[in-house]
Amino acid sequence: MIPTEVLRAVRETPRRIADAWLDPVRRRHSISRIAESYLPALAILLILGHGWASVGWAAAITLGEFAVYEYALEPLGITSAYWERPPREGERFVRP
């Protein structure tokens with residue numbers, strides 16, 4: 001049986017993504033977080049000789065990392081909020 005926290009995380013994903021992309025501070029945090037996952041994955045795949053396929057595989061790796069943290073580790077209490085960072089000093093989120 002799937003825990004309720006996991007189902008809630010899946011159900012709230014569209015709203016969470018909208019909040020992250022409509023808030024300028026959260027959007028900047030999201031873009032930097034995606035880049036921190038995507039660029040190293042892309043570099044490693046290119047070094048391993050995967051060519052243009054590396055672009056798609058790096059995106060899949062980034063999406064997989066997001067899914068594991070958002071839908072498994074965080075709702076089950078194994079990790080804290082990992083994918084999204086809190087506001088830094090002097091920053092304030094506009095959306096909740």
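Derivation of every value follows stated rules applied to the coordinates shown; laboratory data play no part. As the structure is a prediction and not an experimental result, all values here were calculated from the model. Every residue, glycine among them, receives a Cβ derived from its backbone with ideal geometry; neighbour counts consider all protein chains shown.
Here the Karplus curve 6.51 cos²θ - 1.76 cosθ + 1.60, taken at θ = phi - 60°, turns the phi angles of region 66-78 into couplings of 4, 5, 4, 6, 6, 9, 10, 5, 5, x, 7, x, 6 Hz, with x standing for Gly and Pro.
What number, rounded to the nearest 500 deg cm²/dmol, is the helix-based mean residue ellipticity at 222 nm of the chain, given -39500 (n - 2.57) per DSSP H run of at least four residues and division by all its residues? Please report the intermediate quantities before stating the final value.
Details: 3 runs with 59 residues, N = 96.
For the chain, the value works out to -21000 deg cm²/dmol.
Taking 7 Å steps out from each Cα toward its Cβ at ARG27 and LEU76 produces label points 3.5 nm apart.
Which of SER32, SER54 comes first, and how do the rest follow, when ranked by fewest Cβ neighbours within 10 Å?
Details: SER32 10, SER54 19.
Ascending Cβ contact count within 10 Å gives the list SER32, SER54.
Converting phi to 3J(HN,Hα) with the Karplus coefficients 6.51, -1.76 and 1.60 and the offset θ = phi - 60°, region 49-61 yields x, 8, x, 5, 5, 4, 4, x, 5, 5, 5, 5, 5 Hz in sequence order, with x at every glycine or proline.
In cubic angstrom, how much convex hull volume per residue do the alpha carbon atoms of the chain span?
Values: hull volume 12.0 nm³, N = 96.
Cα-based convex hull of the chain, divided per residue, equals 125 Å³.
For region 14-21, the Karplus equation 6.51 cos²θ - 1.76 cosθ + 1.60, evaluated at θ = phi - 60°, returns couplings of x, 5, 5, 5, 4, 4, 5, 8 Hz by residue, with Gly and Pro reported as x.
Compute log10 of I(q)/I(0) for region 13-63 with the Debye formula, placing one identical point scatterer on every Cα and leaving out solvent, at q = 0.14, 0.24, 0.26, 0.30 Å⁻¹, to two decimals. Log-scaled intensity ratios, in q order: -0.43, -0.81, -0.88, -1.01.
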